[in-house]
1. Here's a check for you: in segment 71-95, which residue that is in contact with a strand residue (DSSP E or B) (Cβ under 9 Å, 6 or more places away or on another chain) and in a loop (DSSP other than H, G, I, E, B) is modelled with the lowest pLDDT?
2. Does residue 53 satisfy being modelled with pLDDT of 55 or more, surrounded by 16 or more Cβ atoms within 10 Å (Cβ to Cβ) and touching a helix residue (DSSP H, G or I) at 6+ places or on another chain (Cβ under 7 Å)?
C-alpha cells in the first residue's frame, strides 16, 4: 500500500519498487494534503454510517420492517417473525458492509495516489 514519501536528499529510497521513491518538498506537501483529504472524507462517511443511520435515524427507521426475521420478538403474539426493524439491520449488517467498502475505497485511492507520485511498489 502506501509508504512515507521520501524527501530529496534524505537518503536512499525505501523499497525496491518501480516508483522513483523521492519527492520534493512541494510534492510531499501535496501528497500529504491529498492523503489527509482522503482520510477526512472517509472518516466523515464512517461517522454517517456509524452514528447517523444507527442512532439519529433509529426512531424513524424502526417502524420499517426489513426482510424475514427468525426471532419471535419481531413478530406478533403468535411467534411468527415478520422481519426486523430497518434501524437494527442498518446498525448491524449495513454498517459492516459500509466499513468494508470504506476500507476497499481507501486502499484503491491510496494506491492511485501512490502511483501519481511515483511511490508505488
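The values are calculated or read from the model by the stated rules, or taken from the named source; none is laboratory data. Predicted, not measured: the structure shown is a model, and the values here were computed from it. Every residue, glycine as well, gets a Cβ built from its backbone with ideal geometry; the counts of neighbours run over all protein chains shown.
1. Residue satisfying both the conditions and the ranking: 71.
2. So residue 53 passes the test.
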